[in-house]
Each structure stands twice: as structure tokens, then as C-alpha cells.
Amino acid sequence: MTITQSRPAIAATGLRKSFGDHVVLDGLDLNVPRGKVFSLLGANGAGKTTTVKILSTLISADAGDVQVAGHDLAREPDSVRAAIGVTGQFSAVDNLLTGEENLLLMADLHHLARGEGRRRAAQLLEQFDLTEAARKPASTYSGGMRRRLDLAMTLVGSPQVIFLDEPTTGLDPRSRRNMWQIVRDLVAGGVTIFLTTQYLEEADELADRIAVLDHGRVVAEGTAEELKRRIPGGHVRLRFANPQGLDAAMRVLGQASRENDALALRVPSDGSLRSLKTLIGRLDDRAIEVDELSVHTPDLDDVFLALTGNPTHEEVTTR
Amino acid sequence: MSAPALTASAPAGLRFHPLRDSATMLRRNLKRMLRYPSMTVMLVGMPVVFLLLFVYVLGGTLGAGLGGAAHSGAAGGRAAYANYVAPAIILMTVAATVQGTAISIAMDLTEGIITRFRTMHIARVSVLTGHVLGSVIQAMFSLAVVIGVALLVGFRPTAGLGAWLATAGFLVAVTFALVWLSVALGQVSKSVETASNLPMPLILLPFLGSGFVPTDSMPAGLRWFAEYQPFTPIIETLRGLLMDKPIGNNAWIALVWCAVIALGGYLWSKRLFNRESSH
């Protein structure tokens, strides 16, 4: 136990995968500690789903070493399958069966005894707020309910490592918050969660560690705080009534970037009261009228855009 | 959620249970058939419609063309033709059922639940055997209905109990073989529409054999094909069993065909199921 405890839940080195000429994963390294939420953050097409497919034994990598739950992925895929649970991007429930039947199907496939399977199904229906809909076919479920059933099915076998591939994509804000709470509860129970998402807010909210994936490589890794510290994203945005105000302020403040169309300036700032006072003082001295002032602290958006170099947000990254 | 009990439980937990998993998958497929009865109705309806068409619309004329003293006159011809065409309709029932198998496999593959099964520690083949067993049971049900209708419209088999049992066993073997082929066809299809079209030849093959007219009434090239294609010995065996006629070596030829089709379908299906998705 002490040996397995110290081992990471997922360890991957030099993971590569191409589909024809298209390189999807280009030497990916991952280290996911046990009992934590690890989030793989990336834009569409960055390789998130491919990574999940490889780690969950659905497809094989072209190169690289992977250990999942202490088992070599290439040599012991069955041991890996016995230890993991996967809830993919697309719902994997049987639409013609009821919610309860779907869970009992999973219980049977995990060879739980009849009574135990029923207990587990009832408990999961309760936990995921599906008891009322338990006897209705899954095809009648809403998007949020279906996603919850999907995850509940994954949990029937009490997996140690759970892959959640964009679990909240397409969900309304309320269902999304529900899903977040479920993830937190799972981790509190000792499970490792490998979460992919394109929502920075989600990674910020849930993840103990975040890896930013871009063009098949991890371009940055750390806690949300560590990542934010790497990027000087804080600024004050000033909006002016006319171009003269903008020009005058530009002359005074020097190192600001201007948005001519919006008549606005972005001034780097740590957001502290002292720096704001200084800034306002300098503008006041020249009697420059400011229509609006807003303070922006760096968020994962800044980190993400800076690291993945999205050209449409050049302004943000080159500051 | 007990944390890492993996190393301790690994040896016992890693055993496969193909029979148990197949039974689970069979239950799933039977439930799906009950929830989606329009499919079964369609699969039974098609051979029944063909039976009625062939007996009532075409039977008078076709029966008269069969030859023999008993077949003179439209009514006599119709009665004789009902007996002649019943085995072909029975085989068509099996073909329609396996078309349903291909469709439900293809539907499964588009729905993502199969992807879930692939990430689970289960005997993989059970996903397929569940479909195969479910379809065999569905075929037996359809056959009972179709044979019942055939009896109502004038099919008068002369088989005794032994021959009926042999017929049932033979039909299970034929269904089993064609279902495995169809499981492969369902997997090879990129869409549900393709899956419903690919097994179409199975429904047409009885026409290009001794199912609806004797092969010696066909032109030379077609006749050669009709006599050597697998459905002809199958139909001749059914005809022999049901109408108490000599079967000759048709039964053996039919069973060898079944074994070849079943084995080929099984190996092809297994290979298709174990291939990786291409994206």
C-alpha cells in the first residue's frame, strides 16, 4: 500500500501519436499525483481527447511510456481497464434502457452480487439526484441528467482513476456547478481525476494541478496560482470620452497599449491601491478626463492565451 | 470508494467471465428489442408481406408452372405453391432478422456505449455474443409467427415431430451463421443506413436459388449460380424436412456452408471489434 500510494496515478513520458501526417501528440509528458484533480487545458484540437483515449486504452500511442494506476499501459491494458473509469465527451449511456437499468447493467458487468448491485445503483441514483427519473428511459433525460447518469455509470465499479473528457461542455451553468460539486466529492473520497476542459474557469475552480496543452505538447504545468504568477496579466483599463483624452493620457503614461476603436488604454498594474492612487494622481495633474476605469487581475485566460499564442489575442500576449 | 486496493485484488479481479458477461449483454439486447418493438414488427412484417404476395398474387400461376398432375387449376396451383415457397419465406425471415442485427450493431457503435464497454474490464467478445444470442432468440420468435401465418394461408407441411425438431435445430444453425456475418457487416458500416443496406443480398439470395421457382427453369448462367450458392441447399434441406422429401447431400452441404459462414463472420467480427477507432 505504501508503495502504490507514493506512485503517481498516471505517469507518461514522451507520448506521441499521429494520424497520418497529422501530429496530434508530440512528446507529451504527464505526472498525475494520486487523489488529486489534474486538469489538461487546451483549445479544441490541442490533443486532449486523443490523450484521454490513449490513457484509457482506447487507442495505442505511437511511442512513449505510460503507467496508469501502477500498470504499464501497453503490457497490461486489462489491469489498467480494471482500475479506471471513463466519462467521455459524448454520452455513453444506453438510451433505450432506463437510468436504473443502465446502472444495473454496469453492476452486472462488474460482477457485483445482485443485492449489492441494486444497493449501489440506488445509492448512485440518490447521490446524482436521479431517483425520480430512475424508471424513465435515458432518451428522455436532459443534457445535465444524461451527463450525471454517464458519470454515475462510470462510478459503479469504484474506479481509482477517473477520466472526465470535457464533462461540462454543453451544460447550463447550474448543471455545470452541480458537476463541479460531484467532482470535489469524488476527490474527497480519494479518487484521482484526470479532467480535460476548454473552460479556464473550470480548471481554476477544480484542479490541483493544471497542464496547458498546445500542439500536442505541455507548454506549462503547475497550480493555477503558479501559472498565473508566470504571466504578468494584471492591468488597468481606462476609457476616454474623446481621442484627445486618449492621446494626452498616452503621453503621460508612456508604457500603455492603446485600443483606438474603443478609446481605451491598458496600463500594466498589479492592482494595488497604492499603484491606482499614483495612476489617478498623474491623470488628475494633467486634468485628463477618464470616462471609466476598470481593474483586471491576471486570470487563467491570460495565462492560456499567452502560452498558446492565439494570434487573435496578440494584444494580450505581447504586453 | 476504498482507495488503492488494486494490488491486493488484482489476481482474482482480473479473471474474465465471458459467459456471465455474454448473459448480461443478452439481457441488455432483449430489453432493447422490447423497448423498440417497431423494429421487430418490421422484421416480421416483411416476410409475411412477401408470403401473402407470393401465395395470393403470384401463387396461382407459379404453382401451375411447378408441373405435376396435382397442380392443375389456379386453386390447386396456389395450394401447391404455398408449400413450395414456405421454406424460402422461412429463410427470408432469418435474413430479415440478421438485417436487424446489423442495424442494431451499427446503432450501438454510433451511440458511444460500446466505447464505454471498450474501456471496461470485461470479456470483449461478450458485446458481440450478446447481439448474436439476442438475434437468434428474435429469429425464433419471428419464425414462429411467420410459420403460423404460412399455416393459415395454406402451407401444409407433412413433417413429423422428429422432422420439426430437426428443422428447428437446422434453423438455429443457419441463423447463428448469418447473424455472425451480419455482426461483421454492421461493424463495417459507417452509418446505420449502410448497415441496413449491406445485408440486402441475403434477402435477395433466396430469389436467385431454388426458393421461389425451381432452378431448372432459369437461363444457364443464372442456373449455375443458383445451384451452387449456399441458400439453395439450405432451402432444399428445409423443404425436405418439412415436406418429407428426400434431402440427399443437401443437408451436409448446407451445414458446411453454415460452419464456414459462421466461422468467417466470427473471425471478421472479432477483428473489426478489436481494431482501433481511426480518430
Based only on Cα atoms, what Rg/Rh ratio does region B:175-259 have, Rh being taken as Kirkwood's radius?
1.04
With the cut-off at 24 Å, tell me which of the pairs A:53/B:270; A:48/B:270; A:53/A:228; A:36/A:228; A:136/B:270 have Cα atoms farther apart than that.
A:48/B:270; A:53/A:228; A:136/B:270
Roughly how many whole Å is it from the C-alpha centroid of region B:137-191 to that of region A:204-247?
66 Å
Taking all pairs of different Cα atoms in chain B, averaging 1/r and flipping that mean, what Kirkwood radius in angstroms comes out?
20.2 Å
Excluding ligands, DNA and RNA, what is the solvent-accessible area per residue of chain A at a probe of 1.4 Å, expressed in Å²?
46 Å²
List the residues, sorted by chain then number, that are 5 or more residues from residue A:288 or on another chain and whose placed amide H is less than 5 Å from its amide H.
none
nm² value of the averaged projected area, convex hull over the Cα atoms of chain A:
20.7 nm²
Going through the DSSP H helices of chain B, which span 18 Å or more along their own axis at the Cα atoms while scoring at least 0.0 as a mean Kyte-Doolittle hydropathy?
B:37-52, B:74-111, B:125-152, B:161-188, B:250-274
Inverting the mean 1/r over all pairs of different Cα atoms, compute the Kirkwood radius of region A:170-240 and quote it in Å.
14.3 Å
Inter-label distance, nm, simple model (7 Å from Cα along the C-beta direction), residue B:217/residue A:184
7.9 nm
Alpha-carbon centroids, region B:239-279 and region B:80-106: separation in whole Å:
15 Å
Determine, at each q value in 0.06, 0.11, 0.12 (inverse angstroms), the log₁₀ of I(q)/I(0) that the Debye formula gives when each Cα of the protein assembly as shown is one equal point scatterer.
-0.47, -1.03, -1.13
For residue A:28, residues with placed amide H under 5 Å, excluding near neighbours
A:14, A:15, A:16
Filter the trypsin sites (Lys or Arg not before Pro) in region B:77-128 to those in DSSP coil with at most 14 other Cβ atoms within 10 Å of their Cβ, and list the result.
none
In cubic angstrom, how much convex hull volume per residue do the alpha carbon atoms of region B:15-62 span?
80 Å³
Could you check how much of the accessible area of region A:1-129 is carbon and sulfur, as a whole percent, using a 1.4 Å probe?
49 percent
HN-Hα J in Hz across region B:202-219 - Karplus 6.51, -1.76, 1.60, θ = phi - 60°, x for Gly and Pro
4, 7, 7, 4, x, 5, 8, x, 8, x, 10, 9, x, 5, 6, 8, 9, x
Which value results when the Cα radius of gyration for region A:219-284 is divided by 2.2 N^0.38 Å?
1.33
Please work out the ratio of the alpha-carbon Rg of region A:1-96 to 2.2 N^0.38 Å and round it to two decimals.
1.12
For region B:153-158, in order, what is each residue's ³J(HN,Hα) by Karplus, 6.51 cos²θ - 1.76 cosθ + 1.60 with θ = phi - 60°, in whole Hz (x at glycine and Pro)?
9, x, 6, 10, x, 10
Show me the trypsin sites (Lys or Arg not before Pro) within region A:1-107 that DSSP assigns to loop and that have at most 11 other Cβ atoms within 10 Å of their Cβ.
A:75
Bin width 10 Å, alpha-carbon pairs only: give the P(r) of region B:84-211 as whole percents, running from 0 to the bin holding the largest distance.
13, 38, 30, 14, 5, 0
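The values are calculated or read from the model by the stated rules, or taken from the named source; none is laboratory data. For clarity, every value in this text was computed on a predicted model and none was experimentally measured. For neighbour counting, all protein chains shown are included, and Cβ atoms are generated from backbone atoms with ideal geometry for every residue, glycine included. The protein model used for the area step is the full one, side chains on, heavy atoms only, and it has no ligands, DNA or RNA in it. Shrake-Rupley method; radii C 1.70, N 1.55, O 1.52, S 1.80 Å.
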